[in-house]
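First comes the structure, then the notes that go with it.
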Ligand SMILES: NC(=O)c1ccc[n+]([C@@H]2O[C@H](COP(=O)([O-])OP(=O)(O)OC[C@H]3O[C@@H](n4cnc5c(N)ncnc54)[C@H](O)[C@@H]3O)[C@@H](O)[C@H]2O)c1
């Protein structure tokens, strides 16, 4: 198959549903071969989803689980050209003084440490080959902050920090690292949010609507493609005008 991602192997964490699945479908349309690393890959396992060539059960917050997934992916694909760190959890939506410490730890483990662990596993071989693309899915609240999601906002801001530092460390190796900062999209992620929280975020959307997952996938496909060749360490906004910078 032709396309801008022809002969590119991509790992998409959290690609079994929502934004990650939309990215998997978009990459597949461009000729890419997709492996999903997901805590629950059941929706895309074995021929259920044509865009996904391989689906592995992985906890991105667990170093051994990520190492095993890396080995299994290399065995099947030979190499990984693109890593999309998309897996994430929201955590509860309550004021920070009521936020449970266990929830804080869980959100940091998946949303921040998971990005570090997966990038740490995949980057060395990219460096040796002198090429690769790493894309982190942050959030608009990683830039702006937001009320009542303290662990999520802090983790997503941390992901922007990882993006810039990783980009600097890899810039001489031909590996580009960029992030995407979407605003709210209708996915299963909203299950942990209170109705009031969702209504409040919606009311602040300048375009008067939520983001479509395909809009995020389009941006990811461009960043992953050879057409993105002189841009690294950047955060691509997909917030419908909500973020001012
Ligand atoms: N939906 C939104 O409004 C929105 C907005 C901005 C950013 N994001 C970010 O986009 C990414 C995808 O979110 P989504 O909306 O598609 O959510 P989702 O809940 O629909 O999908 C998240 C996926 O990640 C997987 N996952 C969760 N924890 C995992 C772990 N420890 N290891 C491996 N896989 C794990 C889940 O099984 C699921 O398939 C997240 O990083 C999220 O923070 C979402």
Worksheet item: R0 = 45 Å: FRET efficiency of residue 169 with residue 202, Cβ-based, nearest 0.05?
Response: 0.75
Worksheet entry | For the range 9-237: relative contact order, % (alpha-carbon pairs under 8 angstrom, 6 or more apart) | 21 percent
Fill in: Within a Gaussian network of the chain (alpha carbon springs, distance under 10 Å), most fluctuating of 22, 179, 121
121
Practice prompt. Could you state the angle between the C-alpha long axis of helix 63-77 and the longest principal axis of the C-alpha atoms of the chain, as a value from 0 to 90 degrees rounded to the nearest 10?
Written response: 40 degrees
Fill in: Which of 115, 110 has the fewest Cβ neighbours within 10 Å, and the rest in rising order
110, 115
Item to complete: Could you check the simple spin-label distance between residue 229 and residue 120, using points 7 Å along Cα→Cβ, in nm with one decimal?
Response: 3.4 nm
Worksheet entry | Label-to-label distance, nm, for residues given as residue 188 and residue 127 (7 Å Cα→Cβ offset) | 3.5 nm
Worksheet item: Taking the C-alpha atoms of the range 101-153, how large are the radius of gyration and the largest Cα-Cα span, Dmax, in Å?
Response: 14.2, 43
Worksheet item: Taking 1 over the mean of 1/r across every pair of different Cα atoms in the range 1-124, what Kirkwood radius in Å do you get?
Response: 14.8 Å
Item to complete: Calculate the spin-label point distance for residue 245 paired with residue 57, positioning each point 7 Å from the Cα along the beta-carbon direction, and give it in nanometres.
Response: 4.5 nm
Worksheet item: After finding the eigenvalues of the alpha carbon gyration tensor for the chain, what semi-axes result from the square roots of 5 times each, listed largest first in whole Å?
Response: 27, 19, 18
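Read the figures in this text as sums done on the coordinates, not as results from a lab. Worth saying up front: this structure is predicted, and the values here are computed from it rather than measured. Quick reminder, even Gly has a Cβ in these numbers, built from the backbone with ideal geometry, and neighbours come from all protein chains shown.
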